[in-house]
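J.: Pasting a structure below so you can have a look.
The values are calculated or read from the model by the stated rules, or taken from the named source; none is laboratory data. Remember, predicted model here, so these are calculated numbers, not experimental data. Positions of Cβ are backbone-derived with ideal geometry, glycine not excepted, and every protein chain shown enters the neighbour counts.
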Amino acid sequence: MLEVRQLCKSYGGRQVLAPISFALPSGQCLGLAGSNGSGKSTLLRLLAQIQRPDSGDVLFRGRSVLGDRQFLRRQLGYVPQSPELARDLTVRQQLSLWQRACGLPGPLPKDVLELMGLEDLLRRPVRALSGGMAQRVSIGMALLSRPGVLLMDEATSGLDQSYVPRLLDWLERFLTSGGRLVWCSHHQPELDRLCGAVLRLEEGRLTGGTEE
């Protein structure tokens, strides 16, 4: 179980995310929906600990994981809205660097490379990638540690369209095997397909709770 308890965030005295709580059991996907600027990306960045919350807690299997590097590197995969890659590295170097940071031995996992079509990109410098290619690398990085929790912020936006059904099929298998997914999207068909419930945000606040 992933539990979020009263997580909130303010910038310059303005609250951008009101206290939010939810629980995400094994094998479930929670959708995040709302207009641009509603707080969806802020919530995911707090869960991924890219930013620190003002208050609240995140628990995994009953234990607080705020500041837990082992959890972040081995149990959680995060795909930001825009790829955050090192432009001066090759794709292989970028993936290998993150794999080492996660404490994972051995070569890059072939199944991840095949899923996102990365094998033919390994020698390319990141700066030479198209937006769709960069998104494929970003998704690949999130999957390297075979995490139990995935946070995906508009993962199909900008993704090469031939890879969208491949990714969605893989995510369904991930959930069937007991994974947990928080899926942020403007595309209602994706939310309908993957999510057991949808959390709708506007101006950092829940608007009507969850929808089954």
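J.: Right, L121: modelled with pLDDT of 95 or more and under 18 Å from the mean Cα position of the chain (by Cα) or not?
T.: No; evaluated as a whole, the condition is false for this residue.
J.: May I ask you to verify whether D111 is more than 17 Å from the chain's Cα centre (by Cα), modelled with pLDDT of 95 or more, exposed (fewer than 15 other Cβ atoms within 10 Å of the Cβ) and not in a strand (DSSP E or B)?
T.: Yes; evaluated as a whole, the condition is true for this residue.
J.: Restricting region 130-151 to residues that are among the hydroxyl-bearing types (S, T, Y) and buried (at least 20 other Cβ atoms within 10 Å of the Cβ), which is farthest from G179 (Cα to Cα)?
T.: Ranking the qualifying residues of region 130-151, first place goes to S138.
J.: While we're looking at this one, here's another question. Find the residue count for region 1-29, including only residues that are of a type in the set (S, T, N, Q) and either buried (at least 20 other Cβ atoms within 10 Å of the Cβ) or within 17 Å of G179 (Cα to Cα) (or both).
T.: Within region 1-29, residues that are of a type in the set (S, T, N, Q) and either buried (at least 20 other Cβ atoms within 10 Å of the Cβ) or within 17 Å of G179 (Cα to Cα) (or both) number 2.
J.: Just wondering, is there one or more residues in region 93-103 that are more than 17 Å from the chain's Cα centre (by Cα), surrounded by 14 or more Cβ atoms within 10 Å (Cβ to Cβ) and under 21 Å from G132 (Cβ atoms)?
T.: Checking region 93-103: at least one residue is more than 17 Å from the chain's Cα centre (by Cα), surrounded by 14 or more Cβ atoms within 10 Å (Cβ to Cβ) and under 21 Å from G132 (Cβ atoms).
J.: Within region 155-195, how many residues are of a type outside the set (A, V, I, L, M), within 20 Å of G77 (Cα to Cα) and part of a loop (DSSP other than H, G, I, E, B)?
T.: Here the count works out to 8.
J.: Applying the selection to region 55-82, what residues are among the charged types (D, E, K, R), surrounded by 14 or more Cβ atoms within 10 Å (Cβ to Cβ) and assigned to a loop (DSSP other than H, G, I, E, B)?
T.: D68
J.: On the basis of being of a type outside the set (S, T, N, Q) and over 19 Å from L43 (Cα atoms), does A134 make the cut?
T.: Taking the combined requirement at face value, the residue satisfies it.
J.: Out of L85, L95, L104, L150, I need the residue that is in a strand (DSSP E or B) and aliphatic (A, V, I, L, M). Which one?
T.: From the options L85, L95, L104, L150, the qualifying one is L150.
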